[in-house]
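First up is the structure itself, then whatever we jot down about it.
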Amino acid sequence: MYVAVKGGERAIDNAHRLLAHHRRGDPAVPEVAPAQIREQLTLSVDRVMTEGSLYDRDLAALAIKQARGDLVEAAFLVRAFRTTLPRFGATEPIDTGAMQVARRVSATFKDIPGGQVLGPTFDYTHRLIDFLLEAGGEPPEPARAAADETAMPRVTDLLGADDLIERNPPGDPDAPVPDLTREPLDLPAGRDLRLQNLARGDEGFLLALGYSTQRGFGRSHPFAGEIRLGEVEVELFSEDLGFAVPLGDITVTECQMVNQFKGSATEPPRLTRGYGLAFGHCERKTMGMALVDRALRAEELGEEVKAPAQDEEFVLMHSDNVQATGFVEHLKLPHYVDFQAELGLIRQMRREIAERQAAADVVLKEAAE
Amino acid sequence: MTSHATASGYNFAYLDEQTKRMIRRAILKAIAIPGYQVPFASREMPMPYGWGTGGVQVTAAILGPDDRLKVIDQGADDTTNAVSIRKFFEKTAGVATTTHTAEATVIQTRHRIPEKTLSADQVLVYQVPIPEPLRFLEPRETETRVMHALEDYGLMHVKLYEDIAKHGHIATTYAYPVKVEDRYVMDPSPTPKFDNPKMNDCAALQLFGAGREKRIYALPPHTKVVSLDFEDHPFEPTKFDHACGLCGATHTYLDEVITDDAGGRMFVCSDTDHCEERRADGHRGALLGEAPAAIAGAAE
């Protein structure tokens, strides 16, 4: 019995030993190394880094191994580790315009300065199981070309130059950077905090919500203005030195949705923005995120708030899969004390109904006689 | 305490001192405004949300090296999650632990208040899943905060009244709402309403931690705590038709244990420590001899 009234401690220890045994699987099959996960299951690693809110490929790979491939569990492991780390400060905003681009596509223009760069993508593969992978073997060398020095301006910047898209509010370098891992979420949240929440939100949740906006629950007429993947430099402003020092490069995916225009009697119509950003290569996540970000701007843009994806409290309070999985799965914990109280009331109410029924039957019988 | 690092490489009681200070500030505010839910920057803990992360953070913030900790779930020290949380503090704080209510200085609980009356030198820490008593009447936090601020609890009374109209009873048997010092309506965490009277005028400090929802609230010692009711439908704690099968107690909260698939069942104290102490004092229930070892406990 799982609520061992006695012996719970040993049962737990044994359950953990069995877990380790199952994690290893058949000992005749070589054990998977975290480095293999890091190099060969990169999209899993990217998702775990993003939802775990920690850029560390090795740690994410190890977490995936420890979690037996359960990515939500792996993100949870990473989060629990992350929360113990000291915080030095906030970096300078990354400049995705200066990205070393590995992939970059725009659905809004046939060609753009710097070109469409497909990069590593599943997009045009036929989804046929490749039985050759089973045998292993070296893939052919990728095609190579000399590095192109052409600048790759962001599509939204090109639209912005023509004043066709809403202007991003100017950044305030002195404004404090909110951190929802250090302060409780206060509603209504600003867009910065919302994006922070969405960035670590569950990919599946954002995918479904984004999808719902496409099907009419908070429609925003989105176009994938640009999706870009590549390396950006991270810099931290050093008080001692008086300038920003580079900390290193990280790979990010950015999605900028271009949406329904808005104008008024005095303002010329301009397209609106939805934004998505994630660690590593997380295209589905960033696209869902950008759709939801735009949907959450409904009130700010004077649209009627009526769909789930437009409802800030609904979205922000339920986007976190570590919170969600914990609370849903806590139903596994014993609840027998409360259940007993419920059972007692049901029995009492049934007894009272039976008594009333019996009393009514007596009255009927007497009346009949 | 700052240098009191444990062998596992984490700070004493896992949380860093900065975080503990943040939590203690929230606790102090909660004590100053009994029954008011104080937002706090809940951390990710190495156990899942919904499994006691709020209680664990409160315990970690108040625990000192000289404390003696008791952890219960459903009233029992040996339920799986209680074992897990007790082990966590044994490992990260190295504090002494106990199963005896009277010996504990800090008691972390899920779903029960111990049967033994608590004393002034004890702290009871509750694990809270949903701190907002109005949540199931109004799902929006932005709304419920305003309702508390305006002391607008009409909705709750309507709910309780509708229960009576529909079922003849207030159909809430656990997480039964209380009013604290005639001001805030508070969720007692999902303890059975049987335990509600124990919260009133309690000598011990009672702290409530909700990790996922990022709220802390408190009942300072000897706070007035009244279960909501109506004059013609006064609050009634759950009563049992049975005595405990093991210790014969008639004043305790009982668990129903199904003993076979032919309708056989027995009722035993949910507070295992209390039951064991009574048996040690010579009290004997009707089924003490024949209860399975898994229920009665190993022969002690």
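Only the coordinates and a few stated rules stand behind these numbers; no lab work does. Since the structure is predicted, the reported quantities are computational estimates derived from the model, not experimental observations. Here the Cβ positions follow ideal geometry from the backbone for every residue, glycine too, while neighbour counts run over all protein chains shown.
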Task: Stretchable slack from A:ASP240 to A:HIS318, in nm (0.36 nm times residue separation minus alpha-carbon distance) - done: 24.0 nm
TODO: Give me the distance in nm between label points sitting 7 Å out from Cα along the Cα-to-Cβ direction at A:VAL328 and B:ALA293, one decimal.
DONE: 4.0 nm
Task: Among B:GLN74, B:GLN127, B:GLN108: highest mean-square fluctuation, GNM of chain B, C-alpha pairs under 10 Å - done: B:GLN74
Open item on the list: Run the count for chain A, please: Lys pairs, Cα-Cα under 30 angstrom, 8 or more apart or on different chains.
Closed with: 9
- [ ] Sticking with the crude label model, points 7 Å out along Cα→Cβ, report the distance from A:ASN14 to A:GLU141 in nm, one decimal please.
- [x] 5.9 nm
Open item on the list: With bins 10 Å wide starting at 0, give me the P(r) of chain B over every alpha carbon pair, in whole percents.
Closed with: 6, 26, 33, 23, 10, 1
Task: Under the Karplus curve 6.51 cos²θ - 1.76 cosθ + 1.60, θ = phi - 60°, whole-Hz ³J(HN,Hα) for segment A:40-55, x wherever Gly or Pro sits - done: 10, 10, 5, 6, 5, 4, 5, 5, 5, 4, 5, 7, x, 6, 8, 8
Open item on the list: Averaged across orientations, what area in nm² does the convex hull of the alpha carbons in segment A:32-101 project?
Closed with: 5.6 nm²
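Give me the Kirkwood hydrodynamic radius of segment A:42-183 in Å, from all C-alpha pairs, to one decimal place?
After inverting the mean inverse Cα-Cα distance, the result is 19.5 Å.
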TODO: Please work out the FRET efficiency for the pair B:ILE164 and A:GLU149, using the Cβ-Cβ distance as r and a Förster radius of 56 Å; give the result to the nearest 0.05.
DONE: 0.10
Task: Neighbour-count order for B:SER270, A:SER106, fewest beta carbons within 10 angstrom listed first - done: A:SER106, B:SER270
Task: Computed over segment B:72-176, the ratio Rg/Rh where both radii use C-alpha atoms and Rh is Kirkwood - done: 1.10
Task: P(r) histogram, all alpha-carbon pairs of segment A:269-369 included - 10 Å bins from 0, percent - done: 12, 21, 17, 13, 14, 12, 8, 4, 1
Open item on the list: Which one, B:ASP77, B:ASP201, B:ASP241, has the greatest fluctuation when you compute a Gaussian network model over chain B with C-alpha springs under 10 angstrom?
Closed with: B:ASP241
- [ ] Rounded to the nearest 0.05, what FRET efficiency do B:ALA120 and A:GLU39 give with R0 = 45 Å and r taken as the Cβ-Cβ distance? Could you check?
- [x] 0.15
Open item on the list: Taking the number of other C-beta atoms within 10 Å as the exposure measure, put B:VAL180, B:VAL185 in order starting with the fewest.
Closed with: B:VAL185, B:VAL180
TODO: Show the residues, 5+ positions off or on another chain, whose built amide H is closer than 5 Å to the amide H of A:LEU247.
DONE: A:VAL234, A:GLU235, A:LEU236
Open item on the list: Taking the number of other C-beta atoms within 10 Å as the exposure measure, put B:LYS29, B:LYS193, A:LYS65 in order starting with the fewest.
Closed with: B:LYS29, A:LYS65, B:LYS193
TODO: Please give the net charge around A:MET317, taking every other residue with its beta carbon less than 15 angstrom from that of A:MET317, where Lys and Arg add +1 and Asp and Glu add -1.
DONE: -3
TODO: Per DSSP H run of n ≥ 4, the term is -39500 (n - 2.57); total these for the protein assembly as shown, divide by its residue number, and report the mean residue ellipticity at 222 nm rounded to 500 deg cm²/dmol.
DONE: -10500 deg cm²/dmol
- [ ] Over segment B:150-209, consider all pairs of different Cα atoms and compute the Kirkwood hydrodynamic radius from their mean reciprocal separation; express it in Å, one decimal.
- [x] 12.8 Å
- [ ] Any chance you could check the Cα centroid distance between segment A:133-158 and segment A:275-304 for me, in angstrom?
- [x] 26 Å
Open item on the list: So if I restrict to the alpha-carbon atoms in segment A:179-256, what is the Rg, and what is Dmax, the biggest pairwise distance, in Å?
Closed with: 16.9, 53
Task: Förster radius 56 Å - calculated FRET efficiency between A:GLU366 and A:HIS126, Cβ distance, rounded to 0.05 - done: 0.10
Open item on the list: Kirkwood hydrodynamic radius, segment B:181-300, all distinct C-alpha pairs: what's the number in Å?
Closed with: 16.9 Å
TODO: Give, in nm to one decimal, the length gained when the segment between A:GLU267 and A:LYS306 is fully stretched (0.36 nm per residue of separation minus the Cα-Cα distance).
DONE: 11.5 nm
TODO: Give, in whole angstrom and from largest to smallest, the semi-axes √(5λ) of the equivalent ellipsoid of the protein assembly as shown, with λ running over the eigenvalues of the Cα gyration tensor.
DONE: 52, 31, 26
Task: Inter-label distance, nm, simple model (7 Å from Cα along the C-beta direction), B:ASP152/B:PHE235 - done: 2.5 nm
- [ ] Whole number please: convex hull volume per residue, Cα atoms of chain A, in Å³.
- [x] 290 Å³
Task: Farthest toward positive dipole pole in segment B:1-130 [+1 Lys/Arg, -1 Asp/Glu at C-beta], among B:VAL58, B:VAL38, B:ALA120 - done: B:VAL38
